[in-house]
Number of protein chains: 2
Amino acid sequence: MSKSQLTLTPVQTVACCSPLVSAPLSEETAERIAPLLKAIADPVRLRLLSLVAAHDGGEACVCDLNDAFDLSQPTISHHLKVLHESGLLDRSKRGVWVYYRVRGEALSDLAALIGGGL
Amino acid sequence: MSKSQLTLTPVQTVACCSPLVSAPLSEETAERIAPLLKAIADPVRLRLLSLVAAHDGGEACVCDLNDAFDLSQPTISHHLKVLHESGLLDRSKRGVWVYYRVRGEALSDLAALIGGGL
DNA sequence: CCTAGACATAGATGAACATCGATATAGACA
DNA sequence: TGTCTATATCGATGTTCATCTATGTCTAGG
């Protein structure tokens, strides 16, 4: 069993929380949510998310994504890893290619946390 | 005229954008949105936001907020400044005390950017 | 097998950031 | 005017992070 199945991804901790403005966040909750927000608080990762979401079939190959940036391939790979480990992107390997897909539920939960109760 | 009136706060740049997943974000747009997300991507600032929002009358005095953390007064002041300069908190000084208030519209816009179109 | 291509990992480096103690500012009041 | 209290700013410090080059891994084709 892989280690990632034994630990909660950050995104799994969000669905269970009431909106930010409804009640004071506990220290523990805040510490669990912050990494998820950090994951999208980067211009490159924001563009990666929207590129994947807007791509045909809702998924995109890494090879397509690399071409959209003036950054090295390892750098893009690093950012995709951050998004994947946060639970915001699903990853599937088919042959030599790796495809990423946005987890819409994760983004919805995050939006509800920020904007819910307003 | 103060300098802050001549430059757009990060939050002012969000209301005008279509949701993340609807169309690929331009590099410029992503660069403008990221600082706003960075502002809330910190456990202390998340708790500050929710403490202010959940406080009586929707506003809180800095003196109340300082007590809620095991951090120095300058550190809290720094975090409040980040939230204020992002456009997420309104600031009003009354006598010796400074009160902060959540700008609900800013959070709504941000939530729409993340979760809109899902 | 062996090579080529797609993607990930490792290690290094410079920039950004959270935090602190010390100090400044500004208002209330004796 | 002088002092006390509330908040902000300054300068230093350790940590986190984005990025790079070099290298590893895995798969398909010859």
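Overview of results
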{"read-out": "Condition met for B:Pro19 (closer than 27 Å to A:Leu65 by Cα, within 16 Å of DNA strand C (Cβ to nearest atom), in contact (Cβ under 8 Å) with a residue 24 or more places away in the chain and not aliphatic (A, V, I, L, M))", "value": "no"}
{"read-out": "Residues of region B:18-43 that turn out to be touching a Pro at 6+ places or on another chain (Cβ under 8 Å) and within 22 Å of A:Asp56 (Cβ to Cβ), as a count", "value": "2"}
{"read-out": "Which numbered condition B:Val102 fails, given (1) within 12 Å of DNA strand C (Cβ to nearest atom); (2) within 22 Å of A:Cys17 (Cβ to Cβ); (3) β-branched (Val, Ile, Thr)", "value": "(1)"}
{"read-out": "Tally of residues being assigned to a helix (DSSP H, G or I), within 10 Å of DNA strand C (Cβ to nearest atom) and under 25 Å from B:Val14 (Cβ atoms) across region A:25-75", "value": "3"}
{"read-out": "Selection within region B:79-118 - closer than 14 Å to B:Arg47 by Cα and in a helix (DSSP H, G or I)", "value": "B:His79, B:Leu80, B:Val82, B:Leu83"}
{"read-out": "Of all residues making up region B:86-105, the number that are surrounded by 12 or more Cβ atoms within 10 Å (Cβ to Cβ) and within 9 Å of DNA strand D (Cβ to nearest atom)", "value": "4"}
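Since every read-out is calculated from the coordinates, none of them should be taken as a lab result. Computed from a predicted model, the values in this text were never measured in an experiment. Every residue, glycine among them, receives a Cβ derived from its backbone with ideal geometry; neighbour counts consider all protein chains shown.
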